[in-house]
Structure formats: structure tokens, C-alpha cells
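Remarks on the structure that follows.
The values are calculated or read from the model by the stated rules, or taken from the named source; none is laboratory data. These numbers were taken from a predicted model, which means no experiment stands behind them. Cβ atoms come from the backbone with ideal geometry, glycine included; neighbour counts cover every protein chain shown. Side chains are part of the model used for accessible areas, which takes the heavy atoms of the whole protein and leaves out ligands, DNA and RNA. Shrake-Rupley method; radii C 1.70, N 1.55, O 1.52, S 1.80 Å.
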Amino acid sequence: MKKELKLSVCVVTYNQENYIAECLQSLVGQKTNFKFEIIVSDDCSTDNTRNIILDFSKRYPDIFRIFLHENNMGALKNFKFIHGRANGKYIAHMDGDDYALPKKLQTQVDFLDANPNCNIVFHRVDYIDNGEYIKGSVLTDRVLEYKFYRPDIIKYISIGPNTSKMYRAEIRSVEFPNFDLVDYTVNVIGIGSGYASYCSKESLGVYRRGIGISGSTTVNTIVYESLKYFTHRYPDCKKEINISSWTWFFSSLKHGRKSKWKFFKVALYTFSISGFLSYFLSRSFRRELSGL
């Protein structure tokens with residue numbers, strides 16, 4: 001079974017009874033020419049989420065593997081737990097409050113099959129914001145054709161929604177630091193000698209805004225630890241680390257976060273004139289990425 005399995009779709013969920021059925025149904029309804037599994041890890045939900053998961057598991061026992069935790073692990077540990085149990089050649093991530101659009105899985109798998117040096121593939125998403133469905137902005141040819149290597153991921157930080165990510169399973173075999181990780185850290189380390197890219201001009205998923213831990217104190221602390229770690233592990237990327245540090249510093253300054261001084265310290269430690277100037281010169285492309 002494991003040898004035949006092309007793809008594992010990892011769904012993390014916690015208290016998402018209003019969304020999880022739509023998420024799981026969007027995956028069950030995918031038409032593919034390969035076998036895939038859907039793994040769901042529920043982080044001790046206290047609402048009706050796990051009953052909905054159990055219902056899908058009973059209806060589709062050949063597709064679903066479920067983990068219903070009796071104690072709350074937290075979002076980051078739950079993410080690491082489920083991805084560590086995937087059996088597929090490729091692994092896709094999905095948050096339980098988001099959902100897939102038709103052709104998502106087939107399009108991404110086809111892209112990875114056709115591009116052996118691409119280790120991570122993203123896709124454009126549409127949004128739901130306060131109940132309003134918003135079409136994602138059109139990707140420019142520059143973004144679509146760009147190959148994001150490790151220095152690019154460090155520099156641009158967020159190159160695609162985590163819920164649109166699919167990657168090669170061997171990425172998990174690389175050495176990760178022993179502090180908590182966010183997707184930014186995982187992407188920088190896991191990209192290896194390959195690159196990340198986009199697979200389609202179409203939106204292949206729907207992302208709900210305003211839900212999750214993005215921008216929280218926890219995330220800022222982990223990113224700070226990540227940047228410090230990168231300075232030692234990737235000394236050849238000092239310029240890109242400097243650009244990223246300025247990005248986080250000015251963002252924290254704008255939002256009045258105490259973490260701004262941490263990022264300022266990293267910016268000074270990695271400082272170079274070219275890095276500081278490149279922060280400003282890269283803003284145009286950064287805006288194209290932020291509008292995805």
C-alpha cells in the first residue's frame with residue numbers, strides 16, 4: 001500500500017465544526033489518476049468536529065486515517081505529528097477551515113512529476129473574509145515563472161499560503177532545529193538544493209482569513225529564533241537574512257510589537273549596505289507575493 005501511494009493529504013483541525021465537513025468533502029471529491037490518503041489529526045476538539053471526522057472515516061474507510069487526540073497538543077505540535085505519519089511520495093497540507101477546489105491534487109502532483117528539481121509547489125488561492133468570497137488576485141508572469149531557491153525563501157518569507165503547499169516526502173529527512181517551527185522555517189530548511197514554485201494560474205483552493213496564529217507573539221518568537229539559526233547554518237545567505245530581518249523589524253514597528261527590537265538586533269548583526277538597500281528594492285516583488 002505504501003509503495004503504491006502517491007500522495008498523503010494532511011488535515012489539521014481544532015474546533016472547526018462549521019468548516020471541517022466542507023474541507024473533507026472537497027478532498028474526497030478530487031478526481032485523480034493516482035491513489036491518495038487523507039490523514040486527519042484533531043487536536044482534542046470540544047465541539048462536534050471529531051464526530052464529523054468519524055462520519056467521513058466510516059463512509060470512506062479506504063481513504064481516511066484519523067487521529068483523535070485526548071489531550072491538546074497545540075497547533076505546531078499537531079502539524080509536526082501528522083506530517084510525520086504521511087506515507088505518500090508527495091505530501092499536501094490543508095488546514096481544517098480551508099478547502100480545495102477541483103483539480104488541486106492532480107495539478108500539483110503533475111507539476112512535481114514534471115519538475116524533478118522542484119521540492120515544494122504552491123498554488124493561488126481565493127479567500128473568504130468575514131463571510132465574503134474574494135477571488136484571489138491574478139498572478140503575474142514574473143511570480144508564476146519564478147523559482148524560489150533557499151536565499152529567495154529567506155528573503156521573501158511568505159511565498160505561498162501554507163494550506164496550498166505540496167512537497168516531496170524526502171524533505172522530512174533533513175535535520176531541523178530543536179525549537180518549535182513555523183512553515184517559514186520548514187520551507188527554508190526543507191527546500192534543500194531544489195526550489196519552490198507555483199503550478200497554475202488558476203486558484204486551486206480557498207483560504208479563510210483571520211483564523212490561526214499568524215502574526216502572534218508565538219510566531220514572532222519562533223521566526224526570531226529561526227533567523228538566528230539561519231545566520232549560523234547558512235552564512236552564504238547573510239544578505240538575505242538581513243533583508244528578512246528588516247522586513248520583520250518594520251512590520252513589528254508598524255504594529256507596535258515588542259519583538260521589533262529582537263529583529264533589529266539580527267538586522268544589525270547581519271548588516272550590509274547591499275542588504276539594507278535590497279530590502280527597499282525587493283518591496284515591489286514582495287507586494288506581488290502578498291497579493292496572492
Query - Only one of 168, 172, 150, 142 that is among the basic types (Lys, Arg), at pLDDT below 90 and under 30 Å from residue 228 (Cβ atoms) - result: 172
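Scan 124, 50 and give me the residue that is charged (D, E, K, R) and at pLDDT 95 or above.
Working: 124 fails: at pLDDT 95 or above.
Criteria check complete, one pass: 50.
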Query raised in the report: Of everything in region 62-101 that's part of a loop (DSSP other than H, G, I, E, B), over 22 Å from residue 199 (Cβ atoms) and among the small types (Gly, Ala, Ser), which residue is modelled with the highest pLDDT?
Result: 96
Requested in this report: Determine if region 12-22 includes at least one residue that is without any contact (Cβ under 8 Å) to a residue 40 or more places away in the chain, under 24 Å from residue 90 (Cβ atoms) and not acidic (Asp, Glu).
Outcome: no
Query raised in the report: Taking the condition over 16 Å from residue 150 (Cβ atoms), basic (Lys, Arg), open to solvent by 10 Å² or more (accessible area, probe 1.4 Å) and at pLDDT 95 or above, does residue 254 pass?
Result: no
Query raised in the report: Just checking, which of 49, 32 is in contact with a Ser or Thr (Cβ under 9 Å, 6 or more places away or on another chain) and β-branched (Val, Ile, Thr)?
Result: 49
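Filter region 178-210 down to residues that are part of a loop (DSSP other than H, G, I, E, B) and either under 22 Å from residue 286 (Cα atoms) or over 12 Å from the mean Cα position of the chain (by Cα) (or both), then give me how many there are.
Residues in region 178-210 being part of a loop (DSSP other than H, G, I, E, B) and either under 22 Å from residue 286 (Cα atoms) or over 12 Å from the mean Cα position of the chain (by Cα) (or both): 10 in total.
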Query raised in the report: Out of region 28-62, which residues are open to solvent by 40 Å² or more (accessible area, probe 1.4 Å) and of a type in the set (Phe, Trp, Tyr)?
Result: 60
Query raised in the report: Right, residue 271: without any contact (Cβ under 8 Å) to a residue 40 or more places away in the chain, hydrophobic (A, V, I, L, M, F, W, C) and open to solvent by 80 Å² or more (accessible area, probe 1.4 Å) or not?
Result: yes
Query raised in the report: So how many residues does region 57-111 have that are of a type in the set (Phe, Trp, Tyr) and within 19 Å of residue 32 (Cα to Cα)?
Result: 5
Report task. For region 106-142, enumerate the residues that are surrounded by 15 or more Cβ atoms within 10 Å (Cβ to Cβ) and over 16 Å from residue 160 (Cβ atoms). Result -> 106, 109, 110, 128
Query raised in the report: Picking from 65, 168, 150, which residue would you name as being more than 16 Å from residue 13 (Cα to Cα), surrounded by fewer than 21 Cβ atoms within 10 Å (Cβ to Cβ) and charged (D, E, K, R)?
Result: 168
Query raised in the report: From the residues in region 220-242 that are out of contact with any Cys (no Cβ under 8 Å at 6 or more places or on another chain), hydrophobic (A, V, I, L, M, F, W, C) and at pLDDT 95 or above, which one is nearest to residue 151 (Cα to Cα)?
Result: 237
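Would it be correct to say that residue 175 is assigned to a loop (DSSP other than H, G, I, E, B) and within 25 Å of residue 84 (Cβ to Cβ)?
So residue 175 fits the description; yes.
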Report task. Would you mind stating whether residue 159 is open to solvent by less than 30 Å² (accessible area, probe 1.4 Å), closer than 26 Å to residue 242 by Cα, modelled with pLDDT of 95 or more and β-branched (Val, Ile, Thr)? Result -> no
